[in-house]
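Notes follow the structure.
FYI, it's all coordinate maths here, none of it is from the lab. None of these values were measured; they are calculated from a predicted model. Cβ coordinates were reconstructed from backbone atoms using ideal geometry, including for glycine residues, and neighbour counts include every protein chain displayed.
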Amino acid sequence: MSKPQGFCTLGIETSCDETAVSILREETEILANHVYSQADLHARFGGVIPEVASRNHLRKLPYLVRDTLDQVKLGPKDLSLVAATYGPGLVGPLLVGLSYGKAYACGAGIPFIGVNHLEGHVFAHRLSGDSPPPPFMALIVSGGHTSLVDVHAYGEYNVIGATVDDAAGEALDKIGKMIGIGYPAGAEIDRLADSGDPERIPLPRPMESSPGFDFSFSGLKTAVLYHLRKHPNERPADIAASTLASVVDVLTKKSIEAARRFHRNALIVVGGVAANRHLRDRLTADGAHRGINVLFPELSFCTDNAAMIAAAGAFRHLRMEESHSLDLIAQPSLSL
Ligand code: KG4
Ligand code: ZN
């Protein structure tokens, strides 16, 4: 029997260092969306320490769930579904959100569904009002992933390319560390690049001209390291601008080509690096030139959040009649 406030999903995301909770009504109406970033806790280590992340999810999650429900004046009895990320990601952090989500669903007597984090990123796009329905090409570009996915329909994916080593955001974070920017470095590199010269340092465009749609960003990181050894006084702004020029060139060329090759006239760009202004401007301009509509979610839905997890879970439950039993395990290497 449907509840008076409609079908409400509690979404939980803990795959990395963001503790995130959301309440979604039906498939796309966000009632509440809270993200507690642990970035400050990890900044002094220059990256995410899995055990520190797990402990802090454990500490923060119960209060975040309680406060989020209080904010919208709902209780466990008003919920219809719990959706929590079960992979890919760091196993300890995943286990916290997954175990909490399963226990919450069990206690409330409602179904539970585990959500693939990458599918969640694709659904971030569906939360933006003007999103066209599939089919479309999707570029998922974050700290953990860089993949091109042909989305035939929600729930039907064909991964046509992925990074063979580092993700684009991971490379930006590591290069940021080399020039003294704290973790995560992407947003600061984005800002610094405005005052730098993108042509100052001749950096490689890894795999730009290789056949297929795979990426590689590890060599770019090494190229910056070697350059800095020879030129220790290089301006951070020039490093930032030259690095971004390389990342943006490769991502733009491969994504637009993928959309063309698979006859998709829309490309959606999701994940933390989709917040990058240089990438947004370039992809939008090149897409327009080639007749491809390039779309980005609102900034708050680019980086990790639980609204996208709730949206993917609600869709799968309502449209595909899916749910998971309580023995679902965390899958750190889950693919789409
Ligand atoms: O999607 P996300 O929050 O987490 C993962 O699933 O990995 O992405 C985080 C990544 C980090 O590497 C961060 O440096 C990067 O997104 N990032 C950016 C920007 N904002 C966040 N990279 C470039 N430009 C930005 N404005
Ligand atoms: Zn993510």
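Here the chain carries DSSP beta bridges of which approximately 60% are antiparallel, counting only pairs with both residues inside.
Using C-alpha pairs below 8 Å separated by at least 6 residues, the relative contact order for the range 188-328 is 23 percent. Pairs of alpha carbons in the chain separated by more than 30 Å make up 35% of all such pairs. With the alpha-carbon atoms of the range 131-296 aligned to their principal axes, the span from lowest to highest coordinate is 49, 27, 27 Å, starting with the largest. Mean separation of Cα pairs under 8 Å and 6+ residues apart, divided by the residue count of the range 1-106: what relative contact order is that in percent? Relative CO of the range 1-106 lands at 35 percent. So if we plug the beta-carbon distance of VAL52 and VAL164 into 1/(1 + (r/R0)^6) with R0 = 30 Å, what FRET efficiency do we get, rounded to 0.05? That gives a FRET efficiency of 0.55. For the chain, the relative contact order works out to 24 percent when only alpha carbon pairs closer than 8 Å and six or more residues apart are counted.
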